[in-house]
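Peer 1: Mind looking over this structure? Questions follow.
The values are calculated or read from the model by the stated rules, or taken from the named source; none is laboratory data. Note that this is a predicted model, so its numbers are computed, not measured. Here the Cβ positions follow ideal geometry from the backbone for every residue, glycine too, while neighbour counts run over all protein chains shown.
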Amino acid sequence: MPDRGGGPTGPRIRVGRPSRRVRTLLMTLGVLAVLGMAFTMFAGFWTDWLWYRSVKYSSVFTTTLWTKIGLFFVFGLLMALAVGFNIWLAHRLRPPLSAMSMEQQSLDRYRMGIAPYKTWLLLGITALVGLIAGASASSQWRTWLMWVNGVPFHQKDPQFHLDVSFYAFDLPWYRFLLGFGFAAAILSLIAAALTHYLYGGLRITSPGARATASATGHLSVLIGIFVALKAVAYWLDRYGLAVKSSDFKATDNWTGLRYVDANAYLPAKTILFCIAVICALLFFATLWRRTWQLPVIGFGLMVLSAILIGGLYPAIVQKFQVQPNEQAKEAPYVQKNLKATREAYGIDGAKVTDYSGTSKTKDKSTLRDDVDPTASIRILDPNIVSPTFQQLQQIRNYYAFPTNLDVDRYSKDGKDQDTVIGLRELNLNGIPKNNWINDHFRYTHGYGVVAAKGTAADANGQPVFTEYDLPSTGTLGSYEQQVYYGEKTTTYSIVGGPQKEIDYSDDSGEKTTSYKGKSGVNLANPINRAAYAVAFNEPQILYSGAIGEGSRILYNRTPKERVEAVAPWLTIDGDAYPAVVNHRIQWIVDAYTTTNGYPYASRTTLGDTTADSLTATNNSRAVVAQQNQVNYIRNSVKATVDAYTGEVKLYQWDTKDPVLKTWMKAFPDTVKPRSAISSDLMAHLRYPQDLFKVQRELLTRYHVTNPTTFLSGSEVWQVPDDPTNKSGNAVPPYYLSMKMPDQSSQAFSLTTTFTPNGRDNLSAFMTIDAEAGSSDYGKIRILKLPTSTTVDGPKQVQSQFNSEQDIAESIKLLKGGDSDIEYGNLLTVPLDGGLLYVEPVYVRGGGLKYPLLRKVLVSYGDKTAFEDTLDEALNKVFGAETSTKPPSDEGTTKPPASNNPTVQEALNDAQKAFDAGQEALKKNDWQAYGEAQKDLEDALKRAEEAQSKADKAAGSGGSGKPGAKPSSSPSTKPSGSPSG
């Protein structure tokens, strides 16, 4: 080594060694980076496999994986071979490079530059295009599985008389193959042309022939293949007309052939197919003729024909044949669209009945006794009372209820009653201190069901709870109350190990538990722990002492994401709801099979048709795959998710659906037969809201069956905006037990209203039997009001409520101070030819954090009432009291109690103020009523503050609810006579 800067006696600096160290370090870092990326990819794959195995749906994972791998390699290899072969062939057909022109001399340096690497360059190019093509093909795994497993619909389209399965399962796969063929032909043509140019087969500026005979033949064949594929495209386009969407004044997203399609486009596509076949043969003929003349002429004729026959001729037919007599020309095709659309969306059985909209009974007092048998009017709005549940039954801050509660049916004394239900789910934002141990090990689950009668409220305006307190007790019997899987459980938890979990707290302190279920993935294996540490970007999983023997990690915990993961071929309803089934809390999830290939059925966008005033404020209620366009939908699967074990079960609901049968062939043994549904579960299944919203949107136009009426647009309806708020979004459908005019008894139903397009008066009322055990389940009934008279619609009824002077003054008093008025669901009930409207009115006082039912609005005909209870309002509207004795409230008669004397004193003052307010209302003493309301708010605020201080002093993390009672106390279920 040479010396640097030190002289004979100076220090010697070695030059080579540091550079070797740097190279070694860089190589080590590079290897570690590659290993890190490899392990990251492995971690994602491995954790997915472990999760699917834990839920016992590993066949879904393997079937999907092997399908993707197979498509990737098959189509990636085909693309690589096609491009690589044509590059090799072009190189093989290169001319000898003698007497090179200036153009070729300039390319010589490029040829010499790549000569040593041409093999590697060829492999690199083919590998790149193969990877891209393979990745694109692997995304078509659903298309492949539906094609290879497709079953017939046993229904034929009216134009080509082919089974619907051809359009739903076969045609999408053929179009993918065609697209792949076009891509392969174009890439091969480009690659071959560049190779020919590089090696002299093609010349741009050189004198003489522009292409050698070999290059001419090679490129002509490739162009001929492209034109032949275009001929196939023209042929498939003929069938594509049956599922083609187009702009048509009769409806948006019109699908199917119209007059111009059948009489101009269809013959044009056939003619263009023949021309393209001839043109392709002319290109292939250059192998013998070695001239471009005929192929170029043929190609020019094909392009000209496409413009004239495929574009100009249909425009002439539309202008001079269709427009002068559109209704007569289009009527047969509209009739096909009407029939197909109604069948595809399951609305072909909709029963439309004329309804007068006004009662013919002169003495309305005789109708008072008919109200209760006609409908169990729900005055507890599940979309408003969640804060009330939260305040009265949350018990601890680390519990929470969903923004929108659910409506279900539970039997009491042999009679079903509409019930508003919610679960106390885990709320990590409410735990005393957030850290990794608390968030993922100690606070892991919610606890218990809270339910209330939908048709009643107590004298204080609070829900009449039928399941309450902590642990929950009431009418639902015994069941597993721990909620490890729920709509608000969006983070992972590690359970079952050395770290104990908080179950719930009462006066005696915290109760702890350890998860005993078999759900989740075992973390005892160090490889699993390392994989999850990488997958969740949480290194503590790898070395934390809180993880040990028996530790299991729970994730993918919301019901919708679990069902979507085990059945990725389903579209999931936006509203999963809980039910106590066979002593367990089960989440019930509705799922749909859809297709975009039902001939003649008009398309709809799921995200648009299922949007309403609820989804606008609660994204969790939005349907999955929001922008999916479909033209066939079935509620083919009912799924359950156990709130404790997370077990997912899929049940076949629509036994005739060919799309579901296709997926069941692709994923055998994943869907249980319908006969496996227990009677207890069947009692809680209901018609799904999202499907109902899709159907009602279609029925705004497709309730008519006459094509002339359909084309005129005179019978078009619209779903009205929600009149109870200013969101401008559609009114949501409501679950309600009611009896339609042709029914002998009440049935659990979904209801909605329609108004004429652009107007606010009522045009129709629609219900669907939502009770799964009913023989009429899914039957659509529409009461169509006469167009010659006007009947007030929801918006007009709401305006009438707000404009009446007495009601307006009462509402103004209820708003006294900084109180807010919240209008509940405006329910519509057909009664004796007329329509009964009922709307609960809630007040959220300045000192209150939750709404209480204070008034009920009722309207029938020209009579309106605004009273404290539903019975009083009905009595006023009909001018008579009911002769039937109202059912007794099942709640206890003792007032809310508290062990804290300060809280109890404040609650007693609140009760006195409330009673004083009720007396003032009876006397129409509004000044006294306002003072009583202020005293009530002050008393409740004092109770809340006192309870909050007591909770903080005890360190229990309590909710601060006045009178909140732990499980060891006697029942404090709110008292009073029901309002309904």
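Peer 1: Restricting attention to segment 628-655, which residues are of a type in the set (Val, Ile, Thr) and more than 30 Å from Val483 (Cβ to Cβ)?
Peer 2: Val630, Ile633, Thr655, listed by residue number.
Peer 1: Follow-up. Which one of Leu304, Leu281, Leu287 is in a helix (DSSP H, G or I), out of contact with any helix residue (DSSP H, G or I) (no Cβ under 6 Å at 6 or more places or on another chain), on the phi < 0 side of the Ramachandran plot and surrounded by 14 or more Cβ atoms within 10 Å (Cβ to Cβ)?
Peer 2: Leu281
Peer 1: Sort out which residues of segment 644-699 are under 27 Å from Tyr555 (Cα atoms) and among the β-branched types (Val, Ile, Thr), and write them in order of number.
Peer 2: Residues satisfying the conditions are Thr645, Val648, Thr670, Val671, Ile677.
Peer 1: Lys815 is checked against (1) modelled with pLDDT of 90 or more; (2) surrounded by fewer than 17 Cβ atoms within 10 Å (Cβ to Cβ) and fails just one. What number does that condition carry?
Peer 2: All conditions pass for Lys815, except number (1).
Peer 1: Another one. For the condition in contact with a helix residue (DSSP H, G or I) (Cβ under 7 Å, 6 or more places away or on another chain), at pLDDT below 95 and not aliphatic (A, V, I, L, M), what is the one hit in Phe39, Phe73?
Peer 2: That would be Phe39, the only listed residue that is in contact with a helix residue (DSSP H, G or I) (Cβ under 7 Å, 6 or more places away or on another chain), at pLDDT below 95 and not aliphatic (A, V, I, L, M).
Peer 1: Name the residues in segment 647-673 that are surrounded by fewer than 21 Cβ atoms within 10 Å (Cβ to Cβ), under 17 Å from Thr64 (Cα atoms) and among the hydroxyl-bearing types (Ser, Thr, Tyr), would you?
Peer 2: If the condition is that a residue be surrounded by fewer than 21 Cβ atoms within 10 Å (Cβ to Cβ), under 17 Å from Thr64 (Cα atoms) and among the hydroxyl-bearing types (Ser, Thr, Tyr), then Thr670 is the only one that fits.
Peer 1: Kindly provide the set of residues from segment 698-734 that are assigned to a helix (DSSP H, G or I), β-branched (Val, Ile, Thr) and touching a residue at least 12 places away in the same chain (Cβ under 8 Å), ordered by number.
Peer 2: Of everything in segment 698-734, those that are assigned to a helix (DSSP H, G or I), β-branched (Val, Ile, Thr) and touching a residue at least 12 places away in the same chain (Cβ under 8 Å) turn out to be Thr700, Thr708.
Peer 1: So which residues in segment 488-523 are more than 22 Å from Ala400 (Cα to Cα) and among the charged types (D, E, K, R)?
Peer 2: Lys516, Lys518
Peer 1: Another question about this same structure. Tally up the residues in segment 420-467 that are among the small types (Gly, Ala, Ser) and in contact with a Lys or Arg (Cβ under 8 Å, 6 or more places away or on another chain), please.
Peer 2: Total satisfying the criteria: 5.
Peer 1: Can you name the residue in segment 118-176 that is charged (D, E, K, R) and not in a helix (DSSP H, G or I) and is also surrounded by the fewest Cβ atoms within 10 Å (Cβ to Cβ) among such residues?
Peer 2: Residue satisfying both the conditions and the ranking: Lys156.
Peer 1: Listed residues Ser799, Ser810; which is assigned to a helix (DSSP H, G or I), buried (at least 17 other Cβ atoms within 10 Å of the Cβ) and small (Gly, Ala, Ser)?
Peer 2: The match here is Ser810.
Peer 1: Something else about it: Which of the residues spanning segment 640-683 are of a type in the set (Ser, Thr, Tyr) and either assigned to a helix (DSSP H, G or I) or within 25 Å of Ser774 (Cα to Cα) (or both)?
Peer 2: Thr640, Tyr651, Thr655, Thr662, Ser675, Ser678, Ser679
Peer 1: So which residues in segment 366-387 are of a type in the set (D, E, K, R) and under 27 Å from the mean Cα position of the chain (by Cα), if there are any at all?
Peer 2: Correct list: Arg378, Asp381.
Peer 1: Right, here's the next one. Go through segment 357-399 residue by residue and tally those that are in a loop (DSSP other than H, G, I, E, B) and over 21 Å from Gln746 (Cα atoms).
Peer 2: Selection size over segment 357-399: 12.
Peer 1: Any residue at all in segment 392-408 that is among the basic types (Lys, Arg) and closer than 30 Å to Thr604 by Cβ?
Peer 2: Within segment 392-408, none of the residues are among the basic types (Lys, Arg) and closer than 30 Å to Thr604 by Cβ.
Peer 1: With respect to Tyr485, is the statement that it is within 20 Å of His583 (Cβ to Cβ), of a type in the set (Ser, Thr, Tyr) and at pLDDT 90 or above true?
Peer 2: yes
Peer 1: Is there a residue in segment 442-452 that is under 30 Å from Thr869 (Cβ atoms), of a type in the set (Ser, Thr, Tyr), without any contact (Cβ under 8 Å) to a residue 60 or more places away in the chain and in contact with a strand residue (DSSP E or B) (Cβ under 7 Å, 6 or more places away or on another chain)?
Peer 2: No; the residues of segment 442-452 include none that is under 30 Å from Thr869 (Cβ atoms), of a type in the set (Ser, Thr, Tyr), without any contact (Cβ under 8 Å) to a residue 60 or more places away in the chain and in contact with a strand residue (DSSP E or B) (Cβ under 7 Å, 6 or more places away or on another chain).
Peer 1: Follow-up. Just checking, does segment 140-155 include any residue being touching a Lys or Arg at 6+ places or on another chain (Cβ under 8 Å), at pLDDT below 90 and among the polar types (S, T, N, Q)?
Peer 2: Within segment 140-155, none of the residues are touching a Lys or Arg at 6+ places or on another chain (Cβ under 8 Å), at pLDDT below 90 and among the polar types (S, T, N, Q).
Peer 1: Quick check, is Ile275 in contact (Cβ under 8 Å) with a residue 24 or more places away in the chain, under 23 Å from Gly240 (Cα atoms) and in contact with a Ser or Thr (Cβ under 6 Å, 6 or more places away or on another chain)?
Peer 2: In short, yes.
Peer 1: If I filter segment 422-465 down to residues being among the aliphatic types (A, V, I, L, M) and more than 28 Å from Tyr734 (Cβ to Cβ), which single residue comes out as nearest to the chain's Cα centre (by Cα)?
Peer 2: Once the filter is applied, the top-ranked residue is Leu426.
Peer 1: State all residues of segment 639-682 that are of a type in the set (Phe, Trp, Tyr) and out of contact with any strand residue (DSSP E or B) (no Cβ under 6 Å at 6 or more places or on another chain); if no residue qualifies, say none.
Peer 2: Hits for segment 639-682 are Trp663, Phe667.
Peer 1: Now for a different question. Restricting segment 497-528 to residues that are charged (D, E, K, R), farther than 15 Å from Phe441 by Cα and out of contact with any strand residue (DSSP E or B) (no Cβ under 9 Å at 6 or more places or on another chain), which is surrounded by the fewest Cβ atoms within 10 Å (Cβ to Cβ)?
Peer 2: Asp507
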